[in-house]
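A quick write-up on the structure given underneath.
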Amino acid sequence: MMKIKALFVLFLAVMIFTLNGESGSPGLEKNLSLPDIDSLINETYYFPSKAFSQKPVEYQPLERFDLIFSGHDININSREYDKIQNLSVLTPGRFTHVLAYIGKDKDGLAYAVEMNVAKNQDFKLGMDGLKVGGRFYLYCLGSDFDNESCPENSFVYGINSYDYVQAKRLKPALRQKLLKHEVQLLETMGTDLAQHYPFQIPLYISFKTLSDKVAYLVDDGRENGADCASYFVSLFEEVADVCLDEVRMDASTLSAYYLDNKMGKRALIPGQYNPVLKRTASLNNILGDLGYAILDNTPRQLSCSSAASVKGIPMPDLIFNSPSLEKIEVTTLSRR
């Protein structure tokens, strides 16, 4: 029984690491040299994007609060077990991570904000449930057209390590509504950076969870922290009264992905992450043969004026495909 419980904890740890979090943790944690968020200039940034891994880099002109999405091509470097490939399969959809462009510093370097797990990924199971180290970060993205890199002593986001990265923008009416709260949004982000706003696991796991074989999805707004997708969804909702449509995945859809989807069935817990059983385990087996289940959170009333009730958790790929966002056309300017 203890082996099965330990297997389940490890399954959740690996799953949490990717669901609305960062797969690969490409950031370099050094002595940080970062500007204050309120000193950043709201100026267009020509962002290097790749629609697919085989396509060349194109440049999208980003504006403040545009969302950046990243993901790995699961067909690249495919072998018996590949970490990046497996982490990508664990997360439903093409995109596994989301950031937001904020502005440029006085030297023309662009910055984004995001939620991320800590580099050491320290998981702790206590009386208040399973927690993981992580917080809200400010990242340097580089200059327009990738002409200049970030200084070595900054927290550099490894955007070039992804097989595809693309940005999208809120539709005009929603963006206009969001910008009316620009000051409050920046103040909130500044406070979150200063106070190390915590990473929240999107599944509630406790000692009771292990005995009941049930994990509940978590979407409680900004109250107890956030993951990379829920941060922007709840921030826009609670601070700017802007709700994004069709961005949440419910428990039945998530479970079906691991049980029935061709890609989801490939998701594994590698033996190197499983010191108890010391062998690779399939999530399909854990949710199927071993009888564990993922259940929905209690439906939450949104704080937006629409006052809708929602359940499930925000997912990067769903946000990217939300009808609330629109495509950002690539620039016709030549690289300078």
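Read the figures in this text as sums done on the coordinates, not as results from a lab. Just so it is clear, the structure is predicted and the values come from calculations on it, not from any experiment. Methodologically, a virtual Cβ is constructed for each residue, glycine included, from the backbone with ideal geometry; neighbour enumeration extends over all protein chains shown.
Observations
- Note on Lys171/Val57: beta-carbon distance plugged into 1/(1 + (r/R0)^6) with R0 of 25 Å gives a FRET efficiency of 0.45.
- With a Förster radius of 45 Å applied to the beta-carbon distance between Glu223 and Thr331, the computed FRET efficiency rounds to 0.70.
- Cross-link pairs Lys83/Lys119; Lys50/Lys168; Lys262/Lys311; Lys106/Lys168 - those with Cα-Cα distance over 19 Å: Lys262/Lys311; Lys106/Lys168
- Cut-off under 5 Å, modelled amide H: who pairs with Gly103 long-range: Tyr111
- A straight Cα-to-Cα reach below 17 Å connects Lys208 with the aspartates and glutamates Asp128, Asp296, residues fewer than 8 places away in its own chain not being considered.
- Tensor-based shape of the stretch 127-257 (alpha-carbon gyration tensor, a/c under 1.5 rounded, otherwise prolate or oblate): prolate
- Amide N of the stretch 213-251 lying under 15 Å from the label point, which is placed 7 angstrom from the Cα of Asn321 along Cα→Cβ: 245-250
- Length available on full extension from Lys83 to Ser303: 0.36 nm per residue minus the Cα-Cα distance, which gives 75.3 nm.
- Put simply, the amide H of Ser282, placed in the peptide plane, has neighbours under 5 Å in Ile269, leaving out anything fewer than 5 places away on its chain.
- Between Lys180 and Asn120, the modelled labels are 4.6 nm apart [label points 7 Å from Cα along Cα→Cβ].
- Two-site label geometry, Asp212 and Met263: point separation in nm, points 7 Å out along Cα→Cβ: 3.1 nm
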